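Here's the structure we're looking at; comments come further down.
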Amino acid sequence: MLVLCAVASTAYAEEADWRTSWDGTLYGYANSMVVRDDSVLNPYNQIARLPQRSDVAEIRMNLKAESETVRVTARGIGSTREMRNAFGQRSHTEGYLSLWQVRVRAAEGWNVAAGRDVLNWGAGQFRSPSSPFYFDNGRTDPMRELVGMDVAKVSWTPDMRSSATLVRVVRSGYGAAQPDAWRDSWLAKFDTRGEEIAWGMVAAKAPHLGAFYGAHGQYTMSDELMLYGEFGSSVLPVVLGSPEDAAQPYQIQSPSPRGNATLAGSSYTFESGQSLMLEYLHDGHGYTKAQEVAYFERATTQFGLPLGLMPRLLGRDYFHAVWQANMMSETGYWRLMYTRNLTDSGSEFAAYGETTLHPRLSIYALAVLPQGGARQEAGALFTRSFTLGLKSSI
Amino acid sequence: MLWVMFKERVMRAIASLLIFAVSGAVMAAPDAHSILKDSDQARGGGLPGIVWEIKLQSRDGERNDEPQRILVKAVDDSSIAETQEPVRFKGSKILQVERNMWMTRPGLSKPIPISPRQRMSGQASNGDIAATNYAGDYDAQLGATENVDSDPCYVLDLSAKHKRATYDKIRYWVSVKRVVGIKAEFYSVSGKLLKTARFEYGNTIEHDGKHIPFISRMIIRDALIDAETVMEFGTVKVKKIAASEFDLGQMQ
């Protein structure tokens with residue numbers, strides 16, 4: 001960090017041409033969730049105490065200052081949240097930097113940076129198997145942005161086609177679960193891009209965890225059609241094993257056995273700019289059908305543990321489809337999503353829509369409709385959720 | 001005998017004149033590829049890097065779209081366009097490296113691959129806002145010359161060399177005097193006219209000690225419906241752009 005500051009100071013002394021910019025967005029949104037009373041994992045919402053109604057006011061600010069060799073960026077978020085359920089009301093206010101970075105061009109093709117960085121990549125929509133930190137890809141809480149990891153990194157970009165990066169992860173960023181599995185870890189990444197193919201490989205190593213290996217790639221077959229895939233091989237800090245015999249107790253495994261996750265997808269873009277994406281995900285860390293059945297069966301007598309150590313995905317095989325509007329449209333955007341857990345046959349529909357009321361004001365809504373019972377992943381906790389919000393540029 | 005010698009001398013002189021005239025005509029005939037390459041410079045091609053700001057205003061019938069302002073950095077087959085206005089899209093970026101394209105926005109979980117079919121705005125495609133490299137992307141055939149607004153022009157028929165080219169076919173009118181493209185017709189592979197464009201060169205850039213006229217305005221009209229996009233190019237700078245500017249992992 002001291003070296004970065006020294007280099008930045010020298011660069012600042014030599015550079016007089018700084019450009020600064022800022023922008024921000026105010027969000028106000030309300031969510032209503034119908035929590036499942038007959039939930040096996042969270043009966044009468046007594047364990048998780050999920051908010052059945054929440055109101056959020058949030059501001060997200062972007063700041064940038066850059067010269068020819070130095071760039072400083074920051075994204076700050078401040079929010080206040082009122083949450084209500086059958087057990088009462090509570091509020092929570094927070095302010096944090098979801099991203100920040102000081103980047104210095106140290107030499108031709110070399111950059112050094114420090115800050116909070118979302119190290120996420122790959123074309124996968126449903127999940128990001130090739131990222132060691134963001135497998136979830138923000139799906140669990142789509143209204144909330146991903147928070148970066150606190151890192152120092154060196155990047156080598158010899159030409160337009162390839163780059164290599166070495167990252168020292170100091171810790172997971174704001175709000176990370178403790179203990180922090182990624183504190184004091186290393187990550188190396190290599191990316192290359194050809195005329196129609198782009199791919200990358202990544203390896204990451206945390207002090208007390210087996211190495212993570214990942215890869216991602218995409219192939220642009222034509223203007224309309226792109227094929228893509230992601231792969232990740234990982235050892236998780238802790239998993240809740242579920243023997244197929246429900247009479248056997250859960251098994252807490254720390255660390256987990258190594259498991260692989262693979263995602264294969266295709267994206268077709270219509271002449272109108274609308275696109276259709278179809279994805280298949282296999283997650284080796286998930287349960288088989290028998291294991292998932294036993295998981296729910298065991299949960300009827302062991303409260304807390306199955307929810308607290310719930311796997312990142314309960315099943316092993318998923319189908320995910322997205323149909324969305326032209327992302328370049330200025331007047332609005334919509335997105336329809338369908339996910340099917342092929343292991344337990346539960347599914348989920350989700351729809352997002354946004355329209356511009358005024359150049360600086362948009363209204364948006366998100367509806368999530370699980371299709372599954374209390375012993376299927378999709379319907380395990382709630383039966384429907386609806387969010388309505390306004391956002392205004394400042 | 002003298003008459004025969006005289007006739008031979010005259011014939012040789014006529015043959016020499018003919019050979020000279022033909023070779024002169026061949027030397028004067030312009031090379032289509034050279035014309036294209038020279039005209040590319042006036043639209044950002046063949047330079048070590050170009051940075052420019054573009055204002056776009058699109059119209060579809062009676063409806064005027066919201067104006068856009070974007071900052072573009074381009075070199076060779078790579079470009080990155082960052083939206084400055086409208087303010088609700090500020091910070092959105094589109095990165096193109098060869099045939100690969102991605103979009104990022106503040107708050108997105110990761111860069112999203114997009115298709116060239118998701119056009120920038122109205123009639124403009126990503127290829128229209130980036131540096132032009134027709135000489136590298138198209139095979140050129142030189143046709144007759146025509147006048148466009150009293151400006152004699154070479155008429156070039158361009159065919160895409162590879163899938164990376166934005167359009168399958170282009171008919172391109174290049175001013176004979178100024179060697180800049182002033183009119184274009186864009187066709188699909190089946191020969192269907194898709195849109196037309198007119199170009200103006202009110203800017204000037206300095207490169208290699210020369211002052212080069214540079215594009216200041218591009219008007220693109222749809223061939224089938226009453227829709228057009230006007231692009232105003234301003235704040236043009238020729239500068240080397242680091243490869244890291246086009247690295248997805250460093251776009252934060």
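Taking (1) more than 10 Å from chain B (Cβ to nearest Cβ); (2) over 30 Å from A:M221 (Cβ atoms); (3) within 22 Å of the chain's Cα centre (by Cα); (4) modelled with pLDDT of 95 or more in turn, A:W100 satisfies each apart from (1). Residues that are touching a strand residue (DSSP E or B) at 6+ places or on another chain (Cβ under 8 Å), open to solvent by 20 Å² or more (accessible area, probe 1.4 Å) and in contact (Cβ under 8 Å) with a residue 24 or more places away in the chain number at least 3 in the following strands (runs of 3 or more DSSP E) confined to the range A:116-213: A:149-156, A:162-171, A:185-193. Candidates A:T356, A:T301: the one that is open to solvent by 60 Å² or more (accessible area, probe 1.4 Å) and more than 28 Å from A:S128 (Cβ to Cβ) is A:T301. Test each condition in (1) surrounded by fewer than 17 Cβ atoms within 10 Å (Cβ to Cβ); (2) in contact with a strand residue (DSSP E or B) (Cβ under 8 Å, 6 or more places away or on another chain) for A:L240 and report the one that comes out false. Only one criterion is unmet by A:L240, namely (1).
Here B:S150, B:S92, B:S115, B:S109 are screened, and the one residue that is facing chain A (nearest Cβ under 8 Å), surrounded by fewer than 20 Cβ atoms within 10 Å (Cβ to Cβ) and either over 17 Å from the mean Cα position of the chain (by Cα) or more than 30 Å from A:S393 (Cα to Cα) (or both) is B:S109. Of all residues in the range A:378-393, those satisfying the criterion of being out of contact with any Asp or Glu (no Cβ under 6 Å at 6 or more places or on another chain) and open to solvent by less than 60 Å² (accessible area, probe 1.4 Å) are A:G379, A:A380, A:L381, A:F382, A:T383, A:S385, A:T387, A:G389, A:K391, A:S392, A:S393. Counting the residues of the range A:109-148 that are more than 9 Å from chain B (Cβ to nearest Cβ), more than 15 Å from A:A176 (Cα to Cα) and among the hydrophobic types (A, V, I, L, M, F, W, C) gives 4.
For the range B:232-249, filtered to residues that are within 12 Å of another protein chain (Cβ to nearest Cβ) and in contact (Cβ under 8 Å) with a residue 60 or more places away in the chain, the residue that is farthest from the chain's Cα centre (by Cα) is B:L248. Of the residues B:Q57, B:Q68, the single one that is touching a residue at least 24 places away in the same chain (Cβ under 8 Å), open to solvent by 30 Å² or more (accessible area, probe 1.4 Å), more than 24 Å from A:G122 (Cα to Cα) and in contact with a Ser or Thr (Cβ under 8 Å, 6 or more places away or on another chain) is B:Q57. Scanning the range A:214-229 for residues that are under 14 Å from B:R99 (Cα atoms) and either crowded, with 19+ Cβ neighbours inside 10 Å or more than 14 Å from chain B (Cβ to nearest Cβ) (or both) turns up A:Q218, A:T220, A:M226.
Keeping to the range B:165-220, report how many residues are on the phi > 0 side of the Ramachandran plot and open to solvent by 70 Å² or more (accessible area, probe 1.4 Å).
To start, the set of residues in the range B:165-220 that are on the phi > 0 side of the Ramachandran plot comprises B:179, B:191, B:208-209.
Among the residues that remain, those that are also open to solvent by 70 Å² or more (accessible area, probe 1.4 Å) are: B:208-209.
Residues flagged as on the phi > 0 side of the Ramachandran plot and open to solvent by 70 Å² or more (accessible area, probe 1.4 Å) within the range B:165-220 amount to 2.
Of the strands (runs of 3 or more DSSP E) entirely within the range A:224-320, those holding at least 1 residues that are in contact with a Leu (Cβ under 6 Å, 6 or more places away or on another chain) and within 24 Å of A:G124 (Cβ to Cβ) occupy A:225-234, A:259-269, A:275-283.
Across the range A:52-87, the number of residues qualifying as open to solvent by 40 Å² or more (accessible area, probe 1.4 Å), part of a strand (DSSP E or B) and of a type in the set (A, V, I, L, M) comes to 5. Can you tell me which of (1) modelled with pLDDT of 95 or more; (2) open to solvent by 60 Å² or more (accessible area, probe 1.4 Å); (3) in contact with a helix residue (DSSP H, G or I) (Cβ under 8 Å, 6 or more places away or on another chain) is the one B:L142 doesn't meet? All conditions pass for B:L142, except number (1). Among residues of the range A:51-63 that are more than 14 Å from chain B (Cβ to nearest Cβ), those with a Cβ under 8 angstrom from a residue that is of a type in the set (V, I, T), sequence gap 6+ or separate chain, pair up as A:Q52/A:V34; A:Q52/A:V35; A:V56/A:T80; A:A57/A:T80.
Being farther than 17 Å from B:T132 by Cα, modelled with pLDDT of 90 or more and hydrophobic (A, V, I, L, M, F, W, C) is true for just one of B:A184, B:A223. Which residue is that?
Numbers: B:A184 fails: farther than 17 Å from B:T132 by Cα.
On inspection, the qualifying residue turns out to be B:A223.
Pull up the range B:52-69, narrow it to residues that are within 12 Å of another protein chain (Cβ to nearest Cβ) and outside any strand (DSSP E or B), then point me to the one that is nearest to B:M231 (Cα to Cα). Ranking the candidates gives B:P67 first. Contact map, the range A:354-376: residues that are within 15 Å of A:S329 (Cα to Cα) paired with residues that are open to solvent by 30 Å² or more (accessible area, probe 1.4 Å) and assigned to a loop (DSSP other than H, G, I, E, B), Cβ distance under 7 Å, separation 6+ or inter-chain. Pairs shown: A:T355/A:T331; A:T356/A:T331; A:P359/B:E66. Would you call A:R105 in contact with a helix residue (DSSP H, G or I) (Cβ under 9 Å, 6 or more places away or on another chain) and either over 30 Å from A:L278 (Cα atoms) or outside any strand (DSSP E or B) (or both)? The answer is yes for A:R105.
Any residue at all in the range A:266-275 that's more than 25 Å from B:A124 (Cβ to Cβ) and surrounded by fewer than 18 Cβ atoms within 10 Å (Cβ to Cβ)? I'd like the intermediate steps shown before the answer.
At the first step, the residues of the range A:266-275 found to be more than 25 Å from B:A124 (Cβ to Cβ) are A:266.
Retained after the next criterion (residues that are surrounded by fewer than 18 Cβ atoms within 10 Å (Cβ to Cβ)): A:266.
Checked against the condition, which is being more than 25 Å from B:A124 (Cβ to Cβ) and surrounded by fewer than 18 Cβ atoms within 10 Å (Cβ to Cβ), the range A:266-275 yields at least one hit.
The values are calculated or read from the model by the stated rules, or taken from the named source; none is laboratory data. For clarity, every value in this text was computed on a predicted model and none was experimentally measured. All Cβ positions, even for glycine, are placed from backbone atoms using ideal geometry, and neighbour counts span all protein chains on display. In case anyone asks, the SASA skips ligands and DNA or RNA and just uses the protein heavy atoms, side chains included. Shrake-Rupley method; radii C 1.70, N 1.55, O 1.52, S 1.80 Å.
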